[in-house]
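> Pasting a structure here, questions to come.
Laboratory data are not the source of any read-out in this text; all were calculated from the coordinates shown. All values derive from a computational prediction rather than experimental measurement. Reconstructed Cβ throughout: ideal geometry from the backbone, glycine too, with neighbour counts over all protein chains shown.
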């Protein structure tokens with residue numbers, strides 16, 4: 001059975017003191033609920049180790065990096081390689097987020113390399129895909145997402161593919177207050193799962209967790225997560241408030 005996952009993406013928010021306090025609060029609240037969902041916090045790289053220490057061993061809450069280098073160790077100033085993250089026992093890494101694509105020029109080919117680097121190092125990638133507003137308006141969102149998924153993931157083995165989490169994020173709904181309807185989310189998730197089934201088989205496709213990201217709140221999470229092909233969410237702004245984030249987790 002595939003996992004339900006709720007992952008917070010803190011992006012470049014919070015000072016270290018604030019981030020540690022937020023992690024502590026999320027950990028405490030998570031310990032007070034019963035859930036089978038995997039809970040993940042995606043923090044800026046500088047904070048990963050101190051947050052991991054706050055969460056401690058055996059916590060319900062796991063930690064994720066927000067990015068990794070397309071290169072290994074070497075003369076790549078400012079980069080953090082996948083094997084460095086793995087050596088620090090950071091289990092997850094978010095790759096291909098729309099902000100990395102639009103603000104930092106990451107192409108599908110670069111993201112493909114990063115996914116492979118992460119898997120080779122033993123990390124679990126949370127691979128992001130999704131369309132901007134003009135593509136949705138034109139009705140060609142499936143075409144774009146198909147290219148993103150095929151380029152980044154179709155070079156993987158079946159065993160590698162089973163380790164990937166996919167996050168569908170309609171770019172037009174990230175930080176805008178707009179949210180895809182539950183049916184729009186379901187339609188895209190089902191389409192993505194069908195792509196995986198064609199390439200890797202139905203069994204593998206059934207095991208892959210596909211998350212929705214895009215202005216998810218506790219007020220709309222239950223409806224979205226209730227769709228048959230939606231396995232949780234990649235949460236932005238709402239993950240910066242501990243009780244709101246945990247209320248979203250409860251919906252999963």
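> Would you compute, from DSSP H runs of 4+ residues alone, the mean residue ellipticity of the chain at 222 nm, taking -39500 (n - 2.57) per run and dividing by the full residue count, rounded to the nearest 500? Display every interim value, and only then the final one.
Working: 12 runs with 117 residues, N = 252.
Per the formula, -13500 deg cm²/dmol.
> Within the range 197-216, whose backbone N sits under 16 Å from a point 7 Å along Cα→Cβ of residue 143?
No residue qualifies, since no backbone N sits under 16 Å from the label point.
> Kindly state, to the nearest 0.05, the FRET efficiency for residue 76 paired with residue 17, given R0 = 30 Å and r defined as their beta-carbon distance. It would help to have the intermediate numbers written out before the result.
Numbers: r = 30 Å, r/R0 = 0.99.
Once rounded, the FRET efficiency stands at 0.50.
> Determine how many Å³ per residue the convex hull of the Cα atoms of the range 5-251 encloses. All intermediate terms of the calculation are to be shown ahead of the outcome.
Numbers: hull volume 29.7 nm³, N = 247.
So the per-residue Cα hull volume is 120 Å³.
> So if we plug the beta-carbon distance of residue 104 and residue 222 into 1/(1 + (r/R0)^6) with R0 = 51 Å, what FRET efficiency do we get, rounded to 0.05? Numbers along the way, then the final one.
Values: r = 34 Å, r/R0 = 0.66.
Efficiency computed from Cβ-Cβ geometry: 0.90.
> Going by how many other Cβ atoms sit within 10 Å of their own, how do 188, 1 line up, fewest first? Working shown, then result.
Values: 188 24, 1 6.
In order of increasing Cβ crowding within 10 Å: 1, 188.
> Ok, one more. By counting other Cβ atoms within 10 Å of each Cβ, how are 128, 251 ranked from fewest to most? Working shown, then result.
Details: 128 27, 251 22.
Exposure proxy ranking, most exposed first: 251, 128.
> Most mobile of 50, 125, 91 per a Gaussian network model of the chain (Cα springs, under 10 Å)?
50
> While we're on this one: Rg over Rh of the range 68-174, using C-alpha atoms and the Kirkwood radius, what does it come to? Working shown, then result.
Working: Rg = 14.1 Å, Rh = 14.3 Å.
Using only Cα positions, Rg/Rh for the range 68-174 is 0.99.
> Under a plain spin-label model, where a point goes 7 Å from the Cα along Cα-to-Cβ, how far apart in nm are residue 31 and residue 2?
Simple spin-label model gives 3.2 nm for this pair.
> Top mean-square fluctuation among 234, 211, 16, Gaussian network model of the chain, C-alpha springs under 10 Å?
Looking only at 234, 211, 16, the biggest GNM fluctuation is shown by 16.
> Among 71, 212, which comes first, then next, by fewest other beta-carbon atoms within 10 Å? Before the final figure, lay out each step's value.
Numbers: 71 14, 212 30.
Listed from fewest to most nearby Cβ atoms, that is 71, 212.
> Considering Cα pairs under 8 angstrom that are at least six residues apart, work out the relative contact order of the range 5-251 and quote it in whole percent.
Details: 452 pairs, mean separation 50.7, N = 247.
Over the range 5-251, the number comes to 21 percent.
> While we're on this one: Mind jotting down a quarter of the surface of the convex hull over the alpha carbons of the range 88-129, in square nanometres, one decimal? Numbers along the way, then the final one.
Values: hull surface 11.5 nm².
Orientation-averaged projected area of the Cα hull: 2.9 nm².
> Right, another one. How big is D, in µm² s⁻¹, for the range 145-252 by Stokes-Einstein at 25 °C and 0.890 mPa s if Rh is the Kirkwood radius over C-alpha pairs?
The diffusion coefficient I find is 173 µm²/s.
> Using Cα pairs under 8 angstrom and six or more residues apart, how large is the relative contact order of the range 6-74, in percent? Walk me through the numbers on the way to the answer.
Numbers: 80 pairs, mean separation 27.1, N = 69.
Dividing the mean separation by the residue count of the range 6-74 yields 39 percent.
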